[in-house]
Amino acid sequence: MSARSSTGRARAAAALSALAAAGALALAAGPLQAATSDAEVTVNAGSLGLSTPDFAPQSATLTGTAQVVSTSPGTPWTATDARGTGAPWSVTASATDLVSVGSPNRSIAAANLRLTTGAVTAGTGADPATGIGGTASSPFTVPTGPGQTNVTVLSAPGPHRGSYAFTPQLDITIPATAQPSHAGSPYTATLTVTIS
């Protein structure tokens, strides 16, 4: 037997011996240990919310016939449902008459205002906007007695959780018989918008 094969066998035997010793140490140390760590968060319900920037100011020149002036807010309106329940919600609006303050005040009836919701876009992470209804050219009218009828701006049957942006359009009919606004006092209407 050559010295070379004898040396190879000795090395192999030494390697096997080392592996066996390592295995014996692993068994002596016991099985691997595991630990756990809990994470906890309390989530509280939020509420319904609205952001309704003003419509852009417009101007018109009387022509002797009725004319329509259209305006939209400079940035979209936003409706938010942060309740987490997925329950239905809606956005409604009412409007006062357009009034130019002076002596005496001049007015254009709220029935000359028509609102269109426009396209609704779901915010990041919100439920899809599919199923949310809007309005097209709905007038604010005074059926009987004081106050204005509400226009349903958005109707969300649910679940519509998250925020939804839209840019409404307000069409204002200037009657043929309208008076010019007082100097420094444009005709102004206030829209009261609620979410519930």
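Here are a few things to note about the model shown:
- Within the accessible area of the range 32-173 (1.4 Å probe), percent carbon and sulfur: 52
- Accessible surface for the range 34-184, divided over its residues, is 56 Å² per residue with a 1.4 Å probe.
- For the range 51-187: relative contact order, % (alpha-carbon pairs under 8 angstrom, 6 or more apart): 38
The values are calculated or read from the model by the stated rules, or taken from the named source; none is laboratory data. The model shown is predicted, which means the values in this text are computed figures rather than measured ones. These area figures cover heavy atoms from the full protein model, side chains too; ligands, DNA and RNA do not enter into them. Shrake-Rupley method; radii C 1.70, N 1.55, O 1.52, S 1.80 Å.
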